[in-house]
Amino acid sequence: MSICVVAGLGNPGAAYEGTRHNMGFLLLDAFAAEFGCHWARDKRVDALCAVHQESGKRVFLLKPQTYVNRSGHSLNAFCGYYSIPSTSLAVVFDEINLPAGRAKITVGGSAGGHNGVADILRFFPNDFVRFRIGIGPKEPPRMDMKDYVLGKLRPEEKEILEGSKKNFLDGLKLLIDSGPQTAMNRVNQRPRDESETTEQPTTSTNQSEETGNEDSRNQEIPGHGDI
């Protein structure tokens, strides 16, 4: 399995910068800066796109500008245009059931309450790669999930993520260069005294909550991977 597209999930606009729900954007921005990739708007797929090219291999970086819970629409258009199969797609997103500073790579699985992943599953088979970045545990525990994921990172969270950035970038580079299995063996290791948060997956935000506009996700739009 060779990765051809890495998509980071997040919400566009200054109001959402530095929020927990924008972990996908944050990691791809850091990756692009590290390797000198330049973002450009592609109106055909409603996304910011960049190209990472090394040793003759080209990988597309993608930041959908459709808001998190319509991410599948943008990825469907892009992968359909370039005839890229779902097995060559990796998606980077926030994970409430991982502690801040941890990452985990998986292939397949459920949406886990993440509306962006759920929307992608409307268009693609359940065999794309997930690169999860921890934003847990939710503090305080009774805080509304929407308010938490759309909240700004606290200073201590920023410090943890900054300290983990090199590991995240190394993991993403390994995923691109060597594939999911090698990357999983490296990235998914964790200290013995560290455990994932036990909070059960909770449905994340939807676009109407994020933007104040009517959510049109229920419209059936046939697309790449619907077979």
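Selection of the range 82-99 for residues being out of contact with any Lys or Arg (no Cβ under 7 Å at 6 or more places or on another chain) and surrounded by fewer than 23 Cβ atoms within 10 Å (Cβ to Cβ) yields TYR82, SER83, ILE84, PRO85, SER86, THR87, SER88, ASN97, PRO99. For the range 123-160, filtered to residues that are surrounded by 17 or more Cβ atoms within 10 Å (Cβ to Cβ) and of a type in the set (Lys, Arg), the residue that is farthest from PRO180 (Cα to Cα) is LYS138.
Could you pull out every one of the strands (runs of 3 or more DSSP E) wholly within the range 1-82 that has 3 or more residues that are of a type in the set (A, V, I, L, M, F, W, C)?
Working: elements: 5-8, 40-42, 47-54, 57-64.
Per the criteria, 5-8, 47-54, 57-64.
Okay, residues lined up against (1) in contact with an Asp or Glu (Cβ under 6 Å, 6 or more places away or on another chain); (2) in contact (Cβ under 8 Å) with a residue 60 or more places away in the chain; (3) closer than 17 Å to LYS173 by Cα:
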| residue | (1), (2), (3) |
| --- | --- |
| GLY10 | no, no, no |
| GLU34 | no, yes, yes |
| SER71 | yes, yes, no |
| GLY80 | no, yes, no |
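Only residues that are surrounded by fewer than 22 Cβ atoms within 10 Å (Cβ to Cβ), polar (S, T, N, Q) and either within 16 Å of the chain's Cα centre (by Cα) or modelled with pLDDT of 95 or more (or both) were counted across the range 19-56, and they come to 2. Give the residue that is farthest from the chain's Cα centre (by Cα), with candidates limited to residues of the range 161-181 that are more than 21 Å from HIS52 (Cβ to Cβ) and surrounded by fewer than 16 Cβ atoms within 10 Å (Cβ to Cβ). Ranking the qualifying residues of the range 161-181, first place goes to GLY163. THR106 falls short on exactly one of the conditions (1) more than 15 Å from the chain's Cα centre (by Cα); (2) over 26 Å from ALA15 (Cα atoms); (3) touching a residue at least 24 places away in the same chain (Cβ under 8 Å); (4) surrounded by fewer than 17 Cβ atoms within 10 Å (Cβ to Cβ), and that condition is (1).
Of the residues making up the range 143-177, those that are out of contact with any Asp or Glu (no Cβ under 7 Å at 6 or more places or on another chain) and more than 18 Å from VAL68 (Cα to Cα) number 24. Taken over the range 141-160, the residue count meeting the criterion of being among the hydrophobic types (A, V, I, L, M, F, W, C) and touching a strand residue (DSSP E or B) at 6+ places or on another chain (Cβ under 8 Å) is 4.
The values are calculated or read from the model by the stated rules, or taken from the named source; none is laboratory data. Since the structure is predicted, the reported quantities are computational estimates derived from the model, not experimental observations. We place every Cβ from the backbone using ideal geometry, glycine too, and count neighbours over all the protein chains shown.
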